Structure formats: structure tokens, C-alpha cells
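Just so you know, all these numbers are worked out from the coordinates, no wet-lab data involved. The structure displayed is predicted, hence computed values, not measured ones. Cβ coordinates were reconstructed from backbone atoms using ideal geometry, including for glycine residues, and neighbour counts include every protein chain displayed.
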Amino acid sequence: MLYLLPRLGVIGKEISDKLCYAPGIDLALSYFMLVPILIGSLTARWQGVGISLLAEFTSLWIWILLHESLHTRPESNIHGTLSHMVGKWRNHLAVWITALAIPLFWFVRLAEIVVYPPLTWLVKLPKYETKEWVNVSRQKFEGLIGYDLIWCLYCDWMTGVWSLGSEMLRNVESFWCPIRFYSDKKCENCQLDFPDIDNGWVLPEGNINDVTQLLQEKYTVEQEKRSWFGHSSRTEK
């Protein structure tokens, strides 16, 4: 149905587009991933969960085979190239192992929907246009067929979910705990995801007065949104 929607005229294309970004994509992926497991657990407990997972993997492989049979496979592809480098079974096993992280990304997405929004009201952390982060578009990329397409879409969704979660966490950390770590190596490792570590957090040799002074400098009562220190919104005129 999702494959056919864009081919059903203007209305079909509009629906298809809305299902490519949040909250539409949350509903679509829940239908494929979460609803079967929920129904399985309610009807047959753990056995139902196992059956639903087996059904999901089976449906996925059927879709891959059908999609590849309906399209002319390009001379080169991602999984073929990487299989040549590291070995076919190693590459395929490694890819499927990444699927074990799917529950983690769903928990992150749930936190973005349930945990973060109240903070935007309670302490004025900035709101985000979720669809600008959680969306998929690699289905438009030429040459992605079947196996390559489904895994690239997984990465497409996962990257947006994780990046939005990281952005929200930057606000949380700088608002409540703007203190550098004693470990220089940890600071070095974390500053890519938390730029404020080198952009304003208090040195570990400091004291609590330094922290409160920093908070008073970075945040005000009148402030409309309290973003992390290095966010572009703080430099916009």
C-alpha cells in the first residue's frame, strides 16, 4: 500500500509524503514494528511475541525479494560491495545485528514524545519541529533496491531520532549540570555531541558559586527559550 500510494494521484502522494515524516512516520513504523508485537503479546504472551517477530522478518524478506524482482538491479550495490570487502556472511550478519538496536531507538523516540515536551513548558527548553529531524527520504535516491533500500531507510530513521535526542539532551545538560568532567579524555570524547563542554561549562576545579554565576549569565527570567549555550539561536539578531 505504501509503495502504491504515490501512484494514486495527488491525494495519494500527499498521504505518502505525510507518512515520511513525524508524526506520520511514527504511526507507519508502529504499524509494522510495534502493533504486531503488542497484539501477539496480548493474545499469546511470549509465544505471540516470538510469532509476531517471525512474521515481521518474513514479511520484510518477502518485500525485499518482490522489490528486487520489480526493479532492474544496478551493476553495483552497497551490500555487494561491502560483502566483497569483509565477506558475505560477515556483512549480512553484522547488518542484522544492528537490528537489535531498534528497541533502543524506539525508547529514545518515546522520550522525545513524552519526556521532553513538558520541559519546554516547565523550564522553557526550546521546542523543535520534529518532522525536520524524524523523517525518511532515501527512497528517492536512485539505485537503492530491495535489501539496500530497507537498510538505508532504517539508518535514515535512526539517524534523525538519535540526532533529535542528542539535541534535546544538550539543552538538558547545559541547563541543569554545566560542569566539565574531571576526565580530560571524557571531555574530549563527549564534546562533539555536547559542544558546551568547551563552550562555557565550569571547570572541575571551580565551585558551586561559579556554576550559579554561569547559569545567571546564560539564562534569564524573561528568556523565551533556554537553548544550550552554543546554539545558533543565541547569536541570531
**Request:** Find the all-direction average of the projected area of the Cα convex hull for the range 91-237, expressing the result in square nanometres with one decimal place.
**Result:** 11.8
**Fill in**
Relative contact order as a percentage, the range 145-237, C-alpha pairs under 8 Å and 6+ apart, gives 28
**Asked** Are there chymotrypsin sites (Phe, Trp or Tyr not before Pro) in the range 109-152 that DSSP marks as loop and that have at most 16 other Cβ atoms within 10 Å, and which are they?
**Response** Phe141
**Along the chain, longest interval not containing exposed GluC sites (Glu not before Pro), exposed being DSSP loop plus at most 14 other Cβ atoms within 10 Å** = 1-74
**Request:** Quick one: what are the phi-derived ³J(HN,Hα) couplings along the range 54-63, Karplus 6.51/-1.76/1.60 with θ = phi - 60°, whole Hz, x for glycine and proline?
**Result:** 4, 5, 5, 5, 5, 4, 4, 5, 4, 4
**Karplus (6.51, -1.76, 1.60) ³J(HN,Hα), θ = phi - 60°, over the range 106-113, in Hz, Gly and Pro reported as x** = 5, 5, 4, 4, 5, 5, 5, 8
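Going through the range 110-163, which trypsin sites (Lys or Arg not before Pro) have at most 12 other Cβ atoms within 10 Å and a DSSP loop state? Please list the in-between numbers first.
Values: sites: Lys124, Lys127, Lys131, Arg138, Lys140; in loops: Lys124, Lys127.
Filter output for the range 110-163: Lys127.
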**Message:** Pairs of alpha-carbon atoms within less than 8 angstrom and 6+ residues apart define the contacts here; what relative contact order does the range 78-214 have, in percent?
**Reply:** 19
**Request:** Find the centroid of the Cα atoms in the range 200-237 and in the range 120-143, then give the distance between the two in whole Å.
**Result:** 25
